[in-house]
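Input: a single structure, listed below in structure tokens.
The values are calculated or read from the model by the stated rules, or taken from the named source; none is laboratory data. Here the structure is a predicted model, which is why all the values come from computation and not from measurement. In this analysis, Cβ positions are derived from the backbone assuming ideal geometry, glycine residues included, and neighbour counts consider all displayed protein chains. Heavy atoms of the whole protein, side chains included, go into the accessibility calculation; ligands, DNA and RNA do not. Shrake-Rupley method; radii C 1.70, N 1.55, O 1.52, S 1.80 Å.
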Amino acid sequence: MSTFKAPKGTYDLIPPDSATYLAVREAIAAPLRNSGYGYIETPGFENVELFARGVGESTDIVTKEMYTFETKGGDKLALRPEGTASVLRAALEANLHKAGNLPVKLWYSGSYYRYERPQKGRYRHFSQVGAEAIGAEDPALDAELIILADQAYRSLGLSDFRILLNSLGDKECRPVYRAALQDFLRGLDLDDDTRRRVDINPLRVLDDKRETVQKQLAGAPLLRDYLCDACKAYHEEVRTLLVAQGVSFEDDPRLVRGLDYYTRTTFEFVHDGLGSQSAVGGGGRYDGLSEMIGGPALPSVGWALGVDRTVLALQAEGIELRLPSTTSVFAVPLGEEARRVLFAKVTELRKVGIAADFSYGGKGLKAAMKAANRSGARYALVLGERDLAEGVVQLKEMESGEQTAIAVNEIVAELESRLG
Ligand code: HAM
């Protein structure tokens with residue numbers, strides 16, 4: 001073991017488990033690719049101001065959880081804590097919204113960083129796959145995204161998750177609600193920190209997990225009762241579309257998200273097997289974010305699903321993904337000349353698309369066959385001195401142990417036909 005360990009709150013993805021992570025990313029991306037979303041990749045760090053303005057000055061993410069640093073050149077940067085602000089920044093910078101084809105639909109996959117207190121399901125480095133639909137106000141777009149996330153989870157075999165749905169109103173009705181909520185909260189018995197939060201970001205108080213606080217919140221005014229007619233109608237249409245597609249959800253009038261840019265539709269996917277870090281994904285509409293970062297008005301909606309937590313959800317449901325076996329053929333050369341011949345065959349097999357591996361390091365037959373076994377290959381190719389002299393190679397079917405001598409120059413064709 002080396003003297004170094006992975007930093008606190010991080011972990012390494014190592015085979016064989018890492019294959020599950022790749023498969024999860026792929027499963028989330030597939031429905032997006034199938035629905036007109038194009039792939040986007042942005043830098044792992046951005047100007048810190050982008051997140052301060054985008055995610056919100058008073059959010060935990062910005063005040064406590066960002067990895068910020070100053071470069072030698074004096075730039076103030078932050079490791080990205082989330083993807084939406086970056087993706088919108090990139091879309092604006094590239095003028096994608098001016099290409100005359102709105103909404104601009106983008107998906108992404110990558111690493112995100114938050115300096116949080118680590119626990120199961122909560123890491124300082126984690127992985128998301130996300131989608132953003134930029135520049136259109138249409139309830140069908142909100143519904144589309146929720147349906148695609150639902151499809152992604154179902155394609156993985158998950159079923160113990162729930163969709164929580166809410167509307168956070170818009171710049172017309174939310175300020176009215178905010179004031180009413182502040183009035184209510186100021187009448188409660190709260191600690192100083194929470195009182196400050198009431199002033200800056202009262203909606204976040206609804207999300208306080210402490211029982212002493214939750215008990216007092218029972219009679220708090222609900223945004224639902226303050227929505228303006230336009231927000232109400234919009235939300236009703238999103239709900240109707242989801243119901244019509246058979247996607248079940250729960251109305252959660254207390255759902256608030258940890259980022260300030262949301263307007264109208266907000267949702268969270270929670271998994272019931274995960275304990276306290278139960279949100280496997282979340283998102284919503286952010287109609288004002290573009291203007292907040294200096295762009296034109298571009299109503300948008302999106303989500304991000306957590307890859308780490310989705311893997312935990314699979315474990316919680318006891319789901320083992322059926323992953324394509326990696327190696328089909330494992331070559332075992334016995335001797336120098338055999339090594340050259342088999343190495344050429346392995347290269348040839350790989351060229352025709354057959355996954356093949358090789359016994360390296362001059363192992364003897366016993367150790368090499370052990371490696372063949374461990375590789376999970378369906379076939380082993382064994383080439384000894386006598387085989388060489390006869391121009392054949394032994395093709396061994398690993399499961400049955402059945403062995404056949406095949407002419408060396410026919411072995412690739414033989415394996416192609418056997419592996420179909
Ligand atoms: P978020 O709810 O902050 O939203 O994160 C989305 C998902 O990322 C969470 O549901 C969770 O699965 C995962 N996640 C977040 N923090 C951690 C962590 N510390 N460890 C492990 N997993 C974590 C956003 O990030 C928004 N940008 C989503 C969005 C896109 N809204 C609109 N467009």
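The residues of segment 327-354 that are in contact with a Pro (Cβ under 9 Å, 6 or more places away or on another chain) and either open to solvent by less than 80 Å² (accessible area, probe 1.4 Å) or not basic (Lys, Arg) (or both), listed by number, are 341, 342, 343.
Checked against the criteria, residue 150 does not count as closer than 18 Å to residue 32 by Cβ, within 12 Å of the ligand (Cβ to nearest atom) and assigned to a helix (DSSP H, G or I). For residue 217, the conditions (1) without any contact (Cβ under 8 Å) to a residue 60 or more places away in the chain; (2) open to solvent by 80 Å² or more (accessible area, probe 1.4 Å); (3) within 26 Å of residue 60 (Cα to Cα) are fulfilled apart from (2).
Return the only residue of 189, 252 being within 16 Å of the ligand (Cβ to nearest atom), charged (D, E, K, R) and touching a residue at least 12 places away in the same chain (Cβ under 8 Å). Checking each option against the conditions leaves just 252. Of the residues in segment 108-123, how many are surrounded by 19 or more Cβ atoms within 10 Å (Cβ to Cβ) and near the ligand (Cβ under 9 Å from one of its atoms)? Residues flagged as surrounded by 19 or more Cβ atoms within 10 Å (Cβ to Cβ) and near the ligand (Cβ under 9 Å from one of its atoms) within segment 108-123 amount to 5. A single entry from 331, 304, 297, 338 fulfils the requirement of being under 23 Å from residue 13 (Cα atoms), of a type in the set (A, V, I, L, M, F, W, C) and either modelled with pLDDT of 95 or more or out of contact with any helix residue (DSSP H, G or I) (no Cβ under 6 Å at 6 or more places or on another chain) (or both): 304. Only residues that are within 10 Å of the ligand (Cβ to nearest atom) and either surrounded by fewer than 12 Cβ atoms within 10 Å (Cβ to Cβ) or farther than 20 Å from residue 117 by Cα (or both) were counted in segment 56-86, giving 4. Pairing residues of segment 379-401 that are basic (Lys, Arg) with residues that are buried (at least 21 other Cβ atoms within 10 Å of the Cβ), at Cβ distances under 8 Å and at least 6 apart in sequence or on separate chains, gives 396/379; 396/380; 396/381; 396/382. Does residue 206 qualify as being touching a Leu at 6+ places or on another chain (Cβ under 7 Å), closer than 28 Å to residue 286 by Cβ and modelled with pLDDT under 90? Judged against the criteria, residue 206 is a match. Restricting attention to segment 142-179, the residues being free of Cβ contacts under 8 Å to residues at least 12 places away in the same chain, within 23 Å of residue 108 (Cα to Cα) and either not assigned by TED's automatic domain parsing to the domain that holds residue 253 or not charged (D, E, K, R) (or both) number 0.
Evaluation of residue 20 against the conditions (1) within 16 Å of the ligand (Cβ to nearest atom); (2) open to solvent by 40 Å² or more (accessible area, probe 1.4 Å) shows that the sole unmet condition is (2).
Of the residues in segment 375-402, how many are more than 19 Å from residue 349 (Cβ to Cβ) and either outside the structural domain of residue 334 (by TED's automatic domain parsing) or not small (Gly, Ala, Ser) (or both)? So that I can check it myself, show each step before the final result.
Quick first cut of segment 375-402, residues more than 19 Å from residue 349 (Cβ to Cβ) only: 384-386, 389-390, 399-402.
Add one more test, that the residue is either outside the structural domain of residue 334 (by TED's automatic domain parsing) or not small (Gly, Ala, Ser) (or both), and what stays is 385-386, 390, 399, 402.
Adding up the residues that qualify gives 5.
Among the residues here, residue 140 qualifies as in a helix (DSSP H, G or I) and open to solvent by 10 Å² or more (accessible area, probe 1.4 Å).
Criterion applied to 259, 223 was being over 16 Å from residue 142 (Cα atoms), within 16 Å of the ligand (Cβ to nearest atom), modelled with pLDDT under 95 and of a type in the set (A, V, I, L, M), and the one residue passing it is 259. The residues in segment 200-219 that are over 34 Å from the mean Cα position of the chain (by Cα) and more than 24 Å from residue 278 (Cα to Cα) can be counted, and the count is 1.
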